[in-house]
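Below is one structure; the comments refer to it alone.
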Amino acid sequence: ASSDHFVIYGEEREETLRGFGERLEIYHAAMARLFGYRVTKPSPSNRLTIYVVSRRAQVGDLAGLDNRYLTGFYVPRAGSPTAVIPELKGASSRFEISAETVLLHEYAHHFMAYLTARSFPRWFVEGFAEFFSGVRFKPDGSIGLGTPPLHRAAELAYAPRVPIRRLLEFDGGTDVSRAGNDAFYGQSWLLFHYLQMAPERAGQLATYQRSLASGESALEAAEGAFGDLEAPAREMETYRNRRKLSVLVVD
């Protein structure tokens with residue numbers, strides 16, 4: 001399937017790939033409007049190429065990693081950026097991640113790379129991708145961004161918490177013990193959603209990003225923007241237990 005921004009290869013039914021490509025274009029347009037990014041048609045070589053493989057185990061093989069839990073990956077590069085995901089079947093339950101959600105997570109990384117050349121702490125990068133991969137396509141053509149990722153429910157409910165300071169400064173290196181890090185993705189989403197959507201934290205994410213751009217460390221920027229770091233750690237727990245959460249809607 002070929003469109004303005006995507007080329008998708010997969011042994012799928014035509015209507016499956018066509019619908020997938022159309023939803024990706026809607027998603028791209030919504031993200032562009034949200035961030036004030038002028039939508040232009042890229043050269044054919046700069047479209048995102050997506051390979052849909054038949055089994056999830058093949059994702060890890062193609063990434064060169066011995067990781068049977070890997071559900072997708074994205075390779076940013078000038079000319080033919082690439083993503084690999086498993087077959088486009090729906091999740092077997094609402095608590096399982098779907099291949100489409102995996103791709104939207106990876107495309108959020110792709111979109112962030114186009115927005116800025118700056119690097120960000122790992123929690124922000126993954127929290128951003130988790131937030132913007134939570135998508136609801138509505139029949140009227142509108143799209144909801146930031147819907148809760150129910151595939152993170154178990155880790156948010158049962159996995160040991162990552163201490164807030166470790167969460168904020170973790171860079172993905174091997175020097176940080178994996179013990180207690182099972183909730184990293186879920187907590188990154190929760191903190192990003194809270195800072196993005198909670199009225200009492202309005203503007204703090206922008207302040208945080210400016211502080212990082214000025215050269216402050218991850219923890220210095222967080223303390224300057226969010227205040228006492230134990231406060232958001234406590235408030236995240238309360239926020240997690242709300243019966244309803246707001247989403248961003250693009251018409």
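Computed values, structure above
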quantity: Odd one out for Ile50 among (1) at pLDDT below 85; (2) surrounded by 13 or more Cβ atoms within 10 Å (Cβ to Cβ); calculated: (1)
quantity: Scope region 214-251; condition of a type in the set (A, V, I, L, M, F, W, C), surrounded by fewer than 16 Cβ atoms within 10 Å (Cβ to Cβ) and more than 18 Å from Gly127 (Cα to Cα); matching residues; calculated: Ala231, Val249
quantity: Any pair with Cβ under 8 angstrom, 6 or more apart, that starts in region 198-219 at a residue that is closer than 23 Å to Gly146 by Cβ and without any contact (Cβ under 8 Å) to a residue 40 or more places away in the chain and ends at one that is basic (Lys, Arg) and assigned to a helix (DSSP H, G or I); calculated: none
quantity: Qualifying helices (runs of 4 or more DSSP H) (wholly inside region 100-213; at least 3 residues being touching a Leu at 6+ places or on another chain (Cβ under 7 Å)); calculated: 122-133, 164-169, 184-197
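Residues are listed down the side, and each one gets a yes or a no for (1) over 24 Å from Phe128 (Cβ atoms); (2) out of contact with any strand residue (DSSP E or B) (no Cβ under 8 Å at 6 or more places or on another chain); (3) without any contact (Cβ under 8 Å) to a residue 40 or more places away in the chain; (4) of a type outside the set (Gly, Ala, Ser):
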site	(1), (2), (3), (4)
Ile8	no, no, no, yes
Glu14	yes, yes, yes, yes
Gln58	yes, no, yes, yes
Ile97	no, yes, no, yes
Leu103	no, no, no, yes
Glu106	no, no, yes, yes
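A quick yes/no check of all residues on (1) under 24 Å from Lys244 (Cβ atoms); (2) open to solvent by less than 40 Å² (accessible area, probe 1.4 Å):
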| residue | (1), (2) |
| --- | --- |
| Phe111 | no, yes |
| Leu115 | no, no |
| Pro121 | no, yes |
| Val125 | no, yes |
| Phe132 | yes, yes |
| Lys138 | yes, no |
| Ala159 | yes, yes |
| Val162 | no, yes |
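The values are calculated or read from the model by the stated rules, or taken from the named source; none is laboratory data. Just so it is clear, the model here is predicted, and its values are computed rather than measured. Here the Cβ is made from the backbone with ideal geometry for all residues, glycine too, and neighbour counts use every protein chain on show. Areas reflect the complete protein model, heavy atoms only, side chains present, ligands, DNA and RNA absent. Shrake-Rupley method; radii C 1.70, N 1.55, O 1.52, S 1.80 Å.
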